Amino acid sequence: MSETILSVENLRVEFETRRGTLVALDDISFSIAKGEVLGVVGESGAGKSMTGAAIMHLIPRPGRIAGGRILLGDQRIDNLDRTGIEAIRGRRIGMIFQDPLTSLNPLMTVGDHLTETIRVHLPLNRRQARARAIELLEEVGIPDPAVRIDSYPHEFSGGQRQRVVIALALCAEPELVIADEPTTALDVSVQAQIIKLIRKLCSTRGTAFMLITHDMGMIAETADRVAVMYAGKVAEIGKVSQVVGAPLHPYAQGLMGAIPSLDNEEPRLRQIPGSMPSLTALPDGCSFHPRCERAMDICRQRAPALLGAIDHKVACHLYEREEVAA
Amino acid sequence: MIALVIRRLLQSLAVMLVVSLLAFVMFRYAGDPVNQMVGAETTAAERQAVRESLGLDQPTLVQFARYVGRVVTLDFGVSYQFRQPVTKLLAERLSATLELSFVAALISLFAGIVLGVYSALNPRGRISSLLQSVSLVGVSLPTFLIGILLIYIFSVSLGWLPAFGRNGLIPVTENWSTGLLTIEGWKSLFLPAITLGLFQMTLIMRLVRSEMLEVLRTDFIKFGVARGLPRARLYFRHALKNTLVPVITVVGLQIGSIIAFSIITETVFQWPGMGLLFLQAVQNVDIPIISTYLLLIALLFVTVNLIVDLIYNFIDPRLKDAAS
Ligand SMILES: Nc1ncnc2c1ncn2[C@@H]1O[C@H](COP(=O)(O)OP(=O)(O)O)[C@@H](O)[C@H]1O
Ligand code: SF4
Ligand SMILES: [Mg+2]
C-alpha cells in the first residue's frame, strides 16, 4: 500500500447530555492512502458525517472528541487549537457537503468565492488568483469558464454548482477531500458525471477522497476501499471487491444484498428489517444483534472487536470464533 | 434594471395621485374653505366672489386637476391659523424635523447593527442577554415616557443637556438653519434623537441578531469554515451582507416611520419641527397644513420605499435577474 495520508485511530466522540453521555462514535479506526477513494456507507445516523466533522473539528456542540487520535501524514490533528485546524481546513483537507444549492453564498459570484478561497491559502495577487480560478473551473468541467466565472450561484444548474463546490474544495490542492453525500441532492444522470469527475481528480491530482454516501452503486464505481458503519462503529472495512463482492458482516451482507429481479442492476441499499438503535438506547453487546439473523448468546453480552487482515477487517463474533479456532 | 426603475416610479406616482385625491377631498370638503378665509361680516356676494376667484364653483374633477397642478408647483394654499403660505411654514420647519430624524435614524441604524451583530456572534454572552432584556424594555415603553425619563435623568438630575427646544442654529439658506454645526446644536439634538431612535434601534438590533443567527447556521457559512476562511471574513463579508438584505426593507420603512412618529418626540421636547406644526394644525382644524403634511409624509414613504426597493435589487443578484 502506498503512502498513508489520513489515519484515524480508535476515535471516540461523545455528547454530554442531560440524559447522560451519548457515544456518537466508538472506536473508529481507518486510514486513507494517497490518491485513494475510501467509501463510507451506512444507514442514516450511523455516524458517517460525524466522522468527517471530527476530522475537521466541526463537531456540533456539545460534542467532543473523547478518545483516539487523528493523524494527517505524521502530524496529529485531533488536538490542534483553532488556528492550527484553520491552517488545515481547505489547505490540506477539503470538504464538500450534500447540498450544492445552499453551499454557496447567493450574494457572491462564483469567481469571488474562488479567488477569495485561493488568496486565503496561497500567496497570489488578485489577477493570478483569478487565472487560477478559471483553470479550476475548467478542470471541474464548467464550460466557458472565463465567462462563467462572473456568474452568481443561482445562474448555475445543481450539477454545475456541485462542480463549483468541488473546485472550491480543491483551491489549495488539499491532499484529502471529505465529500459528505456529494450527489444525494442531484439528479441520477448528474450523479454519474460527478462520480466521473471525482475519479478523474484522484487519478490526475492524486487527491484522496473520503466519500460518504448512501449509494452502493456509487461506492462500487468510485471507491477503492469501503468502510461500513453501524451505530457509531465500523462494522466492516476492506477493498470494494471484498466488501461489496463478498461481505462478511451480516449487516454488510444485508446492505449489499443485490436486488435479484433485474439484470445488470447495481447492488443497492436494501431494507434490513428493523431500524438502527438510537444513541440513547444502544443494546449491550453487538449493537446489531436485535436485527441479526445469526445472533448468538455472546452477541448479546460482548461487543465484537474489529479484527482480520490489514486489508479486510470485520467486527462480528462469527469470525472472531473462526480466528480463535484457526 | 431601467425597466424596473420606470415601473417602480410609475407605481409611486399612482400612489401619490391617490393620496393627493385624499388630501384634496380633505382640503375641499372638510369645512368650507371660504368661511375659513373671510371674516364673519363678509356679505354673501363677496363670499361668492371669493368662491369664484378660488375656482370652487368649478366641477370637482377640474378642481382636483387644479389642486394637483398647484401641488406640483409646491403651492399648498394658505394656513388658516397663520395666514401664511403652507409651503413657507413647512419649509421653515423642515430642517428641524429632517435633522432630528436623520440623526435618530443614523444612531438607531449604527447602534442597532453593531449591537445586533455583537449579540449574534456572542449569543451566550452576558452582555448579549442583558441587551436582549433591555431591548425588550425599549420596544415596550412608549416614546413619550422614554423622552420624559431621559429629560429627568440628563436635564433635571444631571443638568448635562437642555430639556427642550432647538438651539445653536446657524442659517444655511433662507429657510434652512442647521443645528449640526455647533456643540450647542448637538446638545439640544441629542436627547430628542435618542428618544426618537431608541425604538427603531432595539427593533433593528433584534432583527439583525435573529437574521444573523439564522445566516450563521446556513450551509454556505459551514462550507466557508470548512474551506478555511478566517472568522472575520465569514462574519463580516459573508454573513453580514446576507443579514442586511432582509434588514434593509425593515430599516427603510422604519426611516419613514421615524419621520412620521417624530410628532410625539417633537411635542415632548418642544422641537420646532413639522410634527409640532401638524399637531397645532389638528387642534385648530387648519386643513391646508393637515392635508399638506399628509401629502408630505406619503411622499416620504413612497420615496423611501422606492430607494429600498432599488438598493435591494442592487444587492441581491437573484432579484435583479427575476426583474429583467
Ligand atoms: N448535536 C447532536 N447532539 C447529539 N447527538 C447528535 C448530534 N448531532 C448528531 N448526533 C448523533 O450522532 C449520530 C451520527 O450522526 P451523523 O454522523 O450525522 O449520521 P450519518 O451517518 O447519517 O451522517 C446520530 O445518531 C445523531 O443522532
Ligand atoms: S456479532 Fe453477532 S449480532 Fe453482531 S453481527 Fe455478528 S453475528 Fe450478528
Ligand atoms: Mg450524514
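For chain B, modelled as a Gaussian network with Cα springs under 10 Å, which listed residue fluctuates most, B:Val50, B:Val86, B:Val114? Per the Cα network of chain B with a 10 Å cutoff, B:Val50 tops the list. A Cα-only calculation for the protein assembly as shown places Rg and Dmax at 35.2, 129 Å.
For the cross-link pairs A:Lys239/B:Lys222; A:Lys200/B:Lys241; A:Lys200/B:Lys222; A:Lys34/B:Lys241, the ones whose C-alpha atoms lie over 28 Å apart are A:Lys239/B:Lys222; A:Lys200/B:Lys241; A:Lys34/B:Lys241.
Please give the helix A:158-169 orientation as an angle from the longest Cα principal axis of chain A, in degrees from 0 to 90, rounded to the nearest 10. Between helix and principal axis, roughly 90 degrees. Computed from the alpha carbon positions, the gyration tensor of region A:1-112 leads to an equivalent ellipsoid with semi-axes of 23, 20, 15 Å, biggest first.
Seen from B:Gly185, the other residues with C-beta closer than 14 Å to its C-beta sum to a net charge of 0, counting Lys and Arg as +1 and Asp and Glu as -1.
Taking A:Ile310, A:Ile237, A:Ile219 in turn, the Gaussian network model of chain A (Cα-Cα springs below 10 Å) assigns the largest fluctuation to A:Ile310. Within 10 Å of the Cβ of each residue in A:98-108, the mean number of Cβ atoms contributed by other protein chains is 6. For A:Tyr152, the accessible surface of its heavy atoms amounts to roughly 60 Å² (probe 1.4 Å, protein chains only, rounded to the nearest 10). In this label model, B:Val114 and B:Leu17 are separated by 4.6 nm, measuring between points 7 Å along each Cα→Cβ vector.
Name the residue farthest towards the positive end of the dipole of chain B from the options B:Pro59, B:Ile6, B:Ile127, assuming +1 on Cβ of Lys and Arg, -1 on Cβ of Asp and Glu, about the Cα centre. Going by the charge dipole, the pick is B:Ile127. Near A:Thr115, once Lys and Arg are set to +1 and Asp and Glu to -1 for all other residues with Cβ below 10 Å from its Cβ, the sum equals +3. The mean sequence distance of close C-alpha pairs (under 8 Å, at least 6 residues apart), as a share of the length of chain B, puts its relative contact order at 27 percent. Each Lys or Arg adds one and each Asp or Glu subtracts one; over the other residues with Cβ under 15 Å from the Cβ of B:Gly275, this totals -2. Evaluated with a Cβ-only charge set (Lys, Arg +1; Asp, Glu -1), chain B carries a dipole of roughly 1520 debye about its Cα centre, given to the nearest 20. Packing-based ranking of A:17-23, A:37-43 yields A:37-43, A:17-23, ordered from highest to lowest mean Cβ neighbour count within 10 Å.
Taking a cut-off of 34 Å, what percent of all Cα-Cα pairs in chain A are separated by more than that? The calculated P(r) of chain A puts 26 percent of pairs beyond 34 Å. Ranking B:Val86, A:Val240, A:Met229 by Cα position along the charge dipole of the protein assembly as shown, where only Lys, Arg, Asp and Glu carry charges on their C-beta atoms, puts B:Val86 farthest toward the positive end.
Is it possible to state the helix-based mean residue ellipticity at 222 nm for the protein assembly as shown, with each DSSP H run of 4+ residues giving -39500 (n - 2.57), the sum divided by total residues, to the nearest 500 deg cm²/dmol? What is it?
Rounded to the nearest 500, the figure is -16500 deg cm²/dmol.
Of all stretches in chain B that contain no GluC sites (Glu not before Pro) in a DSSP loop with at most 13 other Cβ atoms within 10 Å, the longest one is B:175-324. The orientation-averaged shadow of the Cα convex hull for region B:39-95, equal to a quarter of the hull surface, comes to 4.9 nm².
Give the longest segment of chain B that steers clear of trypsin sites (Lys or Arg not before Pro) in DSSP loops with at most 13 neighbouring Cβ atoms within 10 Å, not counting the sites themselves. In chain B, the maximal stretch lacking such sites is B:218-324. Neighbouring Cβ atoms from other chains, within 10 Å of the Cβ of residues in B:226-238, number 6 on average.
What's the average, rounded to a whole number, of partner chain beta-carbon atoms within 10 Å of each residue's beta-carbon in A:144-152? Partner-chain Cβ atoms within 10 Å, mean over residues of A:144-152: 1. Between the Cα long axis of helix B:183-216 and the first principal axis of chain B there is an angle of about 50°, rounded to the nearest 10. Let me know the shape class of region B:2-72, please: from the alpha-carbon gyration tensor, a ≥ b ≥ c as square roots of the eigenvalues, rounded when a/c is under 1.5, otherwise prolate if a/b is greater than b/c, or oblate. Prolate, since a/c reaches 1.5 and a/b exceeds b/c. Which of the three applies to chain B, rounded, prolate or oblate, going by the alpha-carbon gyration tensor with a ≥ b ≥ c and a/c under 1.5 meaning rounded? Cα axes put chain B in the oblate bin. Using a Gaussian network for chain B with springs between C-alpha atoms less than 10 Å apart, which of these wobbles most: B:Phe190, B:Phe223, B:Phe27? Evaluated over chain B, the most mobile residue of the options is B:Phe223.
The values are calculated or read from the model by the stated rules, or taken from the named source; none is laboratory data. As the structure is a prediction and not an experimental result, all values here were calculated from the model. Methodologically, a virtual Cβ is constructed for each residue, glycine included, from the backbone with ideal geometry; neighbour enumeration extends over all protein chains shown. The accessibility values were calculated without ligands, DNA or RNA, using every heavy atom of the protein model including side chains. Shrake-Rupley method; radii C 1.70, N 1.55, O 1.52, S 1.80 Å.
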